[in-house]
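Here is the structure we will look at, set down as structure tokens.
Please treat every number below as a calculation from the coordinates, not as lab data. Here the structure is a predicted model, which is why all the values come from computation and not from measurement. Please note: Cβ atoms are built from the backbone with ideal geometry, for glycine as well, and neighbour counts cover all protein chains shown.
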Amino acid sequence: MLTIFLLLGLPLLGIAIYPFVARYKSFYTGFSSALGMVAWVVSVMALLLTEGQAMRLNTGWFKAGSFMPDLTLTLDMHALLMLGVVSTVAFAVQVFSQAYMRNDSRIATYYLYLHFFVLAMFLLVLSSNLLITFVAWELVGFSSWLLIGFWYERPKAVFASRKAFLVNRIGDAGFVLAIGILLALFNSMDYATIQQVFSGASGFNSGLLILTDGDAYPSYTIVSQFWLTWAGAGLVLAVMAKSAQYPLAVWLPDAMQGPTPVSALIHAATMVAAGVYLLLRFQFFFTPELLQSLIIIGSITAFMGAFAAFAQHDIKKILAYSTVSQLGYMVLAMGLGAWGAGFYHLITHAFFKAGLFLLAGALIWLAHQNKAMKDEQDIREMGGMLRAFPILHALFLIFAAALAGIPLFSGFYSKEAILEALFQGQGSLDGAWYLVPFLVWLAVPMTFLYMIRLWKYLYFGEAYDWKALQLRVPPAFLVPLVLLALLSLGIWQGLGLDFSSNFIYERIISSSPFIRAGSDAWVHGANEGHWVTYLSLLLLASAAAMAWLFFFFLKDRLQVPKFLRSLSINNWYLDKIHHFLLVRPMLQAGKGLAWLDQKFIDPAVEIPAKTTVILASIIAWVDRKVVDALVKGLAGLASFTGRLVGIGKHSGMQDVVLLAFGLFLIIMLWLVF
Amino acid sequence: MGEYLLSSLILVPLLLMVLAWIPGLGQKGLWVLSLIASIWILLASLGLLLGSDAAVKYVYLPWFSLELGSIGRIQFDYFLVADGLSGPMLLLSGITLVVASLASRRVSKYPKAYFSLFLLLAASISGSFLAADFLLFFLFFEFMLLPMYFLIGIWGGPRRTYAAIKFFIYTLVGSLLILVVLVAMYGQTLHVPATAEKLGLSAEETLILLESEDESLVGNQVYGVHLVPLPELGVSSFVQKAGGIFDAEAALKWKGRPYRYWAFLLLLLGFLIKLPAIPVHTWLPDAHVEASTPISVILAAVLLKLGGYGLFRIVYPAFPDAAVHYLWVIGFLGVLSIWFGALNALAQQDLKKLVAYSSVSHMGFVLLGLASGSMEGFSGAYYQLFSHGLISALLFLVVGVLYDRVHDRQISNFSGLNQMMPAFGFIAGLAFFASLGLPGFSGFIAEILVLVGAFASGMDDGGLPFWMPVAGALGLVLAAAYSLWAYQRVWMGTMFLRKEEWRQLLPDLTFRERLMLYPLGVLTFIFGIWPAWLLDILAPVLGQLHKQLFQYYTSIP
């Protein structure tokens, strides 16, 4: 309980004191890092000391009909591991940013945003109520928007932040779909309650989920698989947006416009992994078709991301596409039912990828001191930097080895687990879909290759004489980098392939309330021949041979076909496709409807009004020219007669009276006789 | 005590309006009068909502009646009620009026006329939310047109006359449709308390008599339309004459449709114009663009709400069977409004027009929630009325701040305002994010409730088609698109102003502007993280309505 309060309270404290101390920048940043360290210590202690018992905290929020989103927080082993990852990377980033953002006038605001993100992320990890998860899900997206567009005076950053937010909103619509359906089906949004319904299920039977335990949910003993598929599809859409799966992966490379430590924290290690975490929590729930679609989406993403990383020249973009590719592995694992392997890869990836990003940040920061440079993120201009800074070089090699999956480094073990699961689970796919996961086997050597390419540029190039610039790497950079490098070593993983003695893996597969029983059975005993291990080692060796051949032997003699190069550098032209299929039609629909509104709908109601006015004018005319004229005519007739009868203007009153009297007499006489 | 409080909501602004005619009262004095009236409405409505005897507060006095010989008698009452439906709306009116009178501080053109009309408007607003007799409601509802017409037509922008007359005619047509039904209902709906009194029986006994068309009733029937049943008697309102055209069991038809359905459709259209829904919305952008900032705020935050309030208060309870029969029409109009409004907002170049179209889009959620017929949908629809009142007021004030300074609000004429006006940028960002439904703000609660209700209805055989909630959920993407895009174009990016001299004209927020903007921002936040208070007030009334509707569903989930 204390853990939950502390973890949510620490970032909240950081936010609360901001208005009072924002003026004292160095105090606030220092204090924030201290808070980050306390949170880190708390979460690691909780992870080490816990006895595996899940803790639950439940508070009511509000109620409308059957909609009762309780603030339910669950601290189980999975949450603890994820909290450990988030707080570790957050702490590393908070320390790193001390030096990286030192000269920014808005550094206090930056730390405020970091606190806000950490708070939302902790909430996301702890929540076990769908609506609370959704709230946190949107809030991490919002803080991502804040931080991508942190330098809001740069149009590119503004555009990137908007793109990220809008693509994620598409996913959010899917999330709402899932909430709506699940609430209608189960009358609850609590994970445990929904899970309980499934635990009583005896499987799918002709499109219906039959529940044996009918007493608990008397009115819902049969759940239509149709609706479950819809709800699951909504969640898959949400995951695709948040975890940058193709074809919604377009926002992540652009998100690199944010400050680099932010990319390490949000867009490599934690927020983008939230989708995978959601799959982990809802692993019990997906129907077979949806699991297959996850396999396919993950495989395609793993391959396409790796491919797009090849031709980039921006160091951050290479890492961003690599992240996309690695997220594909994780989603693939979830689809295979190897949730343990997927989560394991999430954890190892968080450390080595955050490390790579922070290292890139350090290089960019150093390159920034070199005033001669045109683009401080262009690897063609950064040549030789690693040679000039041997410490950074050593760290780079550790992280890169972990990413490429070299034995004795953390990435090797987690990737091995996924490949093993793939090897066994590939058969579950129907027909031609069976071929799709072979893309993953291609992605394995490709990862190795693009990292070698990056290393080649950074180590060998000689754009500038870096040593002569006499640059010094600040200690605030080295501390977090060393911490993350230690975590990327294989020692923690038990070094062997016997996962049961693995520190992290053992904790992952220890009991969790949200797991479908028996889905991760492949781990024990299945890997006896070490088949897959030999295969992936073989792939790595061939990749090394190819790397030597392409980058060191053939060098310029190798001509990569131009279309392949531009396909990679433009990320499969996805931005253009999205623009033509989504953005432009939407904008044009807006313009068209505005035109319709102005030209048709508005006049449609104005025509009767105008007709009335015209009709009124006609009536007024008739009134003036006909009715009025008639009256006037009568009056005129009278005056005409008067004048006719009257003797003239010069006649006096007496004459008229005399005439009238005479006429009167004549009429009387005529009447009488 | 409570009774005087209710009447005071109408009388205090009226008395202050008379005071405003004291010769020699300066602009400042007049402004103070309007502020006093607004604060009174705010405090009194808060008192009513928080009061200990929370059940229902009402005033019930016979007003006048018409003897119709053997047919009976029609009775009109002075009947005011502050319950779960009207209470929150009064609170919203109080908040809005306070903000609007703060925003009126600088009105210098004919101040006496302006503030008199303002006070008259305030009185008729609280009157129409309080009224529980149909005629009384209609009087206040109609009377609101007069001050509003002049407030737009005299103190508005360049095309104010056109906008004012358009607003007037549209709303008048809506009112006429309502009037037709009103006249018909006064000949059909029985005034149970008065009939009971005349017969010397209890209300329950009278009801039984009325159903059986007993002979003793002849000449003793009293007609009258109450929107809310008299609390002490505890019988339902809208008791229709047995065998009459509005009798649900007799179901008399005209042109193949029951009279009840016709009456429902007329009332629906009447209130949809006010809401407004597509395609009767075109008065809104013109009225908003031409009206001055305080009047825009009142228009968006309170007057539009009367449309939704009328649906909750009159249309649905009077004809629940028709509401169920036409739920797909209402749902369709809702989804259409969501999409049409949002796409139109995306295309606007004028910031104020963008906000106006976003209002249309947001009101679509009200219709979708109402159409769902579920408790969640109802709560969400009502919550959306309240929340949109706060958020749209905030947005119009934000636009007003900009317009006050440079008399321009073309989106393309500004860029990167954050660098000059950080506080303004902060509150504008808050307003736009609240408008796109970010969790933590009141709009999120409203929209998620509406969508959840619509999904529940969409999965039920007798409910909405399933594509409607899906389309509604996708509408969230569009809302994010136009809000975010507008905000980023004006407040973010590189600094740019169309005219160089504007640079001196754009200081950051003044104290008075902060006083208007910050409380509204805080309120949207409070109602976003603590919705329980308002939802608990709503639950009994909406639950009653839900129950009334529920019996007409063909299938029960």
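Listed by Cβ neighbour count within 10 Å, with the fewest neighbours leading, A:His579, B:His362 appear as A:His579, B:His362. Distance between the pseudo-spin-label points of A:Val479 and A:Leu538 (7 Å out from Cα toward the beta carbon): 4.8 nm. Taking 29 Å as the cut-off for C-alpha to C-alpha distance, list the pairs among A:Lys374/A:Lys591; A:Lys374/A:Lys456; A:Lys156/A:Lys562 that go past it. Where the Cα-Cα span goes over 29 Å, the pairs concerned are A:Lys374/A:Lys591.
Summarising the amide proton neighbourhood of B:Gly462: residues at separation of 5 or more, or on other chains, whose placed amide H is nearer than 5 Å comprise B:Ser555. Between region B:189-215 and region A:88-102, what's the alpha-carbon centroid distance in Å? First find each Cα centre; the distance between them is then 78 Å.
Using only Cα atoms and rounding to the nearest 10 degrees, what angle (0 to 90) does helix A:25-49 make with the longest principal axis of chain A? Its long axis makes an angle of about 60 degrees. When a/c is below 1.5 the answer is rounded, else prolate if a/b is larger than b/c, else oblate, so apply that to region B:18-146 with a ≥ b ≥ c taken from the square roots of the Cα gyration tensor eigenvalues. Cα axes put region B:18-146 in the oblate bin.
Which shape class, rounded, prolate or oblate, goes with region A:1-123 when its Cα gyration tensor gives a ≥ b ≥ c as root eigenvalues, a/c under 1.5 marks rounded, and past that a/b bigger than b/c marks prolate? Write down the numbers at each step before the final one.
Details: a/c = 2.76, a/b = 1.53, b/c = 1.80.
Oblate is the answer for region A:1-123, as a/c is 1.5 or above yet b/c matches or exceeds a/b.
The string of couplings for region A:284-291 from the Karplus curve (6.51, -1.76, 1.60, θ = phi - 60°) is 5, 9, 6, 6, x, 4, 5, 4 Hz, one whole number per residue in order, with x for Gly and Pro. Net charge in the neighbourhood of B:Leu397 (other residues with Cβ under 12 Å of its Cβ; Lys, Arg +1, Asp, Glu -1) is +1. Using helices alone, I'd like the mean residue ellipticity at 222 nm for chain A: each DSSP H run of four-plus residues gives -39500 (n - 2.57), total over residue count, nearest 500. It comes out at -21500 deg cm²/dmol, rounded to the nearest 500.
Based solely on its DSSP helices, what 222 nm [θ] is calculated for chain B when runs of n ≥ 4 H residues each add -39,500 (n - 2.57) and the sum is averaged over all residues, nearest 500 deg cm²/dmol? Present the calculation step by step, with values, prior to reporting the outcome.
Numbers: 23 runs with 362 residues, N = 557.
After summing the helix terms and dividing by the residues of chain B, the value is -21500 deg cm²/dmol.
Phi angles across region A:185-198 convert, under the Karplus curve 6.51 cos²θ - 1.76 cosθ + 1.60 with θ = phi - 60°, into 3J(HN,Hα) values of 6, 10, 6, 7, 10, 7, 4, 4, 5, 5, 4, 5, 4, 5 Hz, Gly and Pro given as x. For B:Lys198, the lysines whose Cα falls under 17 Å of its own Cα, not counting residues fewer than eight places away in the same chain, are B:Lys241.
Among the listed pairs A:Lys599/A:Lys625; A:Lys163/A:Lys599; A:Lys316/A:Lys415; A:Lys242/B:Lys305; A:Lys371/A:Lys576; A:Lys610/B:Lys112, which are separated by more than 30 Å between their Cα atoms? Present the calculation step by step, with values, prior to reporting the outcome.
Values: A:Lys599/A:Lys625 36 Å; A:Lys163/A:Lys599 32 Å; A:Lys316/A:Lys415 23 Å; A:Lys242/B:Lys305 36 Å; A:Lys371/A:Lys576 34 Å; A:Lys610/B:Lys112 34 Å.
Those over the limit are A:Lys599/A:Lys625; A:Lys163/A:Lys599; A:Lys242/B:Lys305; A:Lys371/A:Lys576; A:Lys610/B:Lys112.
When the Cα positions of B:Ile273, B:Ile152, A:Met37 are compared along the charge dipole of the protein assembly as shown, B:Ile152 comes out farthest toward the positive end, with charges on each C-beta of Lys, Arg, Asp and Glu. Under 5 Å from the amide H of B:Ala132 lie the amide H atoms of B:Phe79, B:Leu80, B:Val81, each residue being 5 or more positions distant or on a separate chain, with H modelled from the backbone and absent for Pro and chain starts.
What is the dipole size for region A:84-165, taken about its Cα centre, with +1 at each Lys and Arg Cβ and -1 at each Asp and Glu Cβ, in debye to the nearest 20?
Values: 6 positive and 3 negative charges, 52 e Å.
Using Cβ point charges on Lys, Arg, Asp and Glu, region A:84-165 gives about 240 debye.
Taking Cβ atoms as reference points and 13 Å as the exclusive limit, the residues near A:Trp548 contribute a net charge of +3, counting Lys and Arg as +1 and Asp and Glu as -1.
Based on the Cβ-Cβ distance from A:Ile618 to A:Trp595, what FRET efficiency comes out when R0 is 30 Å, to the nearest 0.05? Walk me through the numbers on the way to the answer.
Working: r = 32 Å, r/R0 = 1.08.
Taking R0 as 30 Å, the efficiency between A:Ile618 and A:Trp595 is 0.40.
Look at A:Met37, A:Met271 and count the other Cβ atoms within 10 Å of each Cβ; fewest to most, that gives A:Met37, A:Met271. Note on A:Gln654 and A:Glu376: the extension gain reaches 88.3 nm, defined as 0.36 nm multiplied by sequence separation minus the Cα-Cα distance.
Neighbour counts of other C-beta atoms within 10 Å: give me A:His578, A:His368, A:His349 arranged from fewest to most. Walk me through the numbers on the way to the answer.
Details: A:His578 17, A:His368 14, A:His349 29.
If I rank by nearby Cβ atoms, fewest first, I get A:His368, A:His578, A:His349.
Under 13 Å of direct C-alpha separation, and excluding same-chain neighbours fewer than eight residues apart, A:Lys25 reaches these aspartates and glutamates: A:Asp104. Spatially, region A:557-573 and region B:13-69 are offset by 74 Å when compared through their Cα centroids.
Each residue of region B:528-545 is assigned a 3J(HN,Hα), and the resulting list reads x, 9, 9, x, 4, 4, 5, 5, 5, 5, 6, 3, x, 5, 5, x, 4, 4 Hz, derived from the Karplus form 6.51 cos²θ - 1.76 cosθ + 1.60 (θ = phi - 60°), x at Gly and Pro. If you take the beta carbon distance between B:Ser65 and A:Ser26 as r and set R0 to 60 Å, what does 1/(1 + (r/R0)^6) give as a FRET efficiency, to the nearest 0.05? The calculated FRET efficiency here is 0.15.
Taking 0.36 nm per residue of sequence separation and subtracting the Cα-Cα distance, how much length would be gained by fully extending the chain between A:Arg154 and A:Leu558, in nm to one decimal? Before the final figure, lay out the partial values.
Values: separation 404, 0.36 × 404 = 145.44 nm, distance 3.82 nm.
Length difference between fully extended and current span is 141.6 nm.
Taking Lys and Arg as +1 and Asp and Glu as -1, the other residues whose beta-carbon sits under 13 Å from that of B:Val228 total -2.
Once both axes come from the Cα atoms, what is the angle between helix A:339-369 and the longest principal axis of chain A, in degrees from 0 to 90, rounded to 10? For helix A:339-369, the angle is close to 80 degrees. Within straight-line reach of B:Lys499, meaning a Cα separation under 12 Å, sit the following aspartates and glutamates at least 8 residues removed in sequence or on another chain: B:Asp408. A Cβ-based charge dipole, computed about the Cα centre of region B:95-213 with Lys and Arg at +1 and Asp and Glu at -1, lands at about 1420 debye.
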